[in-house]
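Remarks on the structure that follows.
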Amino acid sequence: MAKRSMILCVAGQSNAVGYDESRIPEGMTGRYRTGRLFQLGFWGEDDRRVVPLGPCAQNFQDMRPYGHPQDPGVGTRGIHLPLADLLLDHVPEDYDILVIPCAYGGTGFTCGEDGSYDPETMRPAPGIWRWGVTSCYYRAMCDRIGYALDLHPENRFLGMVWCQGEWDWQDAAGHWEGFRAMTDDFFRRMDRTHPGRVYRGGWDRSVWYDMETVAYWYSQGQCPQIWANYRQWSPETYVPIPRSTDSNLVGGTGLTAKLRQAHFGNDSFHRVIAPAVAEVMARRLGTAHGADGSVES
């Protein structure tokens, strides 16, 4: 039987994908405990297989063509690897962490169409679609979380890290309506299909972490209201990110987007963002074991 895993989902748009264009040098993964860090594959033959987690996670959006020219085909960096490594300190030693990446750049609640979805492969159609209760991204996210939980009866859900809202900058109210409807459905759905499968919590706002975006977006339209809504929705799980955090203006190439300041860069996911998210998550997760050494639901 497969080894037991804690399931971590990272979802949203480009800053959830990870557009950090700075170079991924050979041997960089040596600073992480990769023997216990995995992802639910999405690319090619890796689809729905448990495969090693690297610096460029296998997201709905394939970033391998957009990495640093010195390392063609390696891809960009995101929060996935550094965050999963930090969270190992908060789960039992006989558990791995299995990351489910579910993000695509340029997506929003107030723009685009639902997109088609194949429930057999649990894959959204390629392209930029919208988020929402009926969207192909959301359906794939829920099914893949359920699939990962079903790989072992003792697998547990660790948390949802969400970074999205930039593309809804013209309609904070519409974003708020779509986000609340989707999260309400998510908690009901997962509690119905996988009751009692959350590590130290339940299927509610305590497991959903809204992470702030890069500083540039706070000068754009209604973006400040979008993140104010997130903070109001669940202040205990809201993750502030310092406005001084580096974007792709430092060490970026412009290959992912001409507007380099719109995305975190310069290894900031490792240095700043993952530690900030892990600190907030640790308030619920606490130490690795319960008082009797058992895994708590």
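The values are calculated or read from the model by the stated rules, or taken from the named source; none is laboratory data. Small disclaimer: the values here were computed from a predicted structure and weren't measured. We place every Cβ from the backbone using ideal geometry, glycine too, and count neighbours over all the protein chains shown.
Note on region 199-220: residues that are more than 17 Å from the chain's Cα centre (by Cα) and either outside any loop (DSSP other than H, G, I, E, B) or touching a residue at least 60 places away in the same chain (Cβ under 8 Å) (or both) total 8.
Scan region 276-291 for residues that are buried (at least 18 other Cβ atoms within 10 Å of the Cβ) and of a type in the set (Val, Ile, Thr) and the total you get is 2.
Look at region 221-249 and say how many of its residues are part of a loop (DSSP other than H, G, I, E, B) and either among the small types (Gly, Ala, Ser) or surrounded by fewer than 14 Cβ atoms within 10 Å (Cβ to Cβ) (or both).
As a first pass, look at region 221-249 and keep what is part of a loop (DSSP other than H, G, I, E, B): 221-222, 234, 240-246, 248-249.
From what's left, either among the small types (Gly, Ala, Ser) or surrounded by fewer than 14 Cβ atoms within 10 Å (Cβ to Cβ) (or both): 221, 234, 240, 242-244.
Adding up the residues that qualify gives 6.
Every test in (1) of a type in the set (A, V, I, L, M, F, W, C); (2) closer than 25 Å to PRO55 by Cβ; (3) touching a strand residue (DSSP E or B) at 6+ places or on another chain (Cβ under 8 Å); (4) buried (at least 19 other Cβ atoms within 10 Å of the Cβ) is passed by ALA215 save one, and that test is (4).
Kindly establish whether SER234 is in contact (Cβ under 8 Å) with a residue 12 or more places away in the chain, of a type in the set (Gly, Ala, Ser) and on the phi < 0 side of the Ramachandran plot. The answer is yes for SER234.
Which residue is modelled with the highest pLDDT, if the candidates are limited to region 276-292 and must be assigned to a loop (DSSP other than H, G, I, E, B) and among the aliphatic types (A, V, I, L, M)? Spell out the reasoning first.
Looking only at region 276-292, we keep the residues that are assigned to a loop (DSSP other than H, G, I, E, B), and these are 286-292.
Those still in the list that are among the aliphatic types (A, V, I, L, M) too: 288, 291.
Numbers: ALA288: 75, ALA291: 37.
So, considering only residues that are assigned to a loop (DSSP other than H, G, I, E, B) and among the aliphatic types (A, V, I, L, M), the one modelled with the highest pLDDT is ALA288.
With the requirement that a residue be outside any loop (DSSP other than H, G, I, E, B) and surrounded by 20 or more Cβ atoms within 10 Å (Cβ to Cβ), what does region 250-275 give you? ARG260, ALA262, PHE264, SER268, PHE269, HIS270, ILE273, ALA274 - these are the residues of region 250-275 that are outside any loop (DSSP other than H, G, I, E, B) and surrounded by 20 or more Cβ atoms within 10 Å (Cβ to Cβ). Residues in region 1-36 that are surrounded by 21 or more Cβ atoms within 10 Å (Cβ to Cβ), in a helix (DSSP H, G or I) and hydroxyl-bearing (Ser, Thr, Tyr): SER14 alone. Within region 37-85, the set of residues being without any contact (Cβ under 8 Å) to a residue 60 or more places away in the chain, under 23 Å from THR121 (Cα atoms) and assigned to a loop (DSSP other than H, G, I, E, B) comprises GLY41, TRP43, ARG49, LEU53, GLY54, CYS56, ALA57, GLN58, ASN59, GLN61, ASP62.
Name every residue in region 128-175 that is of a type in the set (Gly, Ala, Ser), more than 14 Å from ALA103 (Cβ to Cβ) and assigned to a loop (DSSP other than H, G, I, E, B), in order of residue number. Residue satisfying the conditions is GLY132 alone.
Take PRO240 and tell me if it is within 20 Å of the chain's Cα centre (by Cα) and at pLDDT 95 or above. It is true that PRO240 is within 20 Å of the chain's Cα centre (by Cα) and at pLDDT 95 or above.
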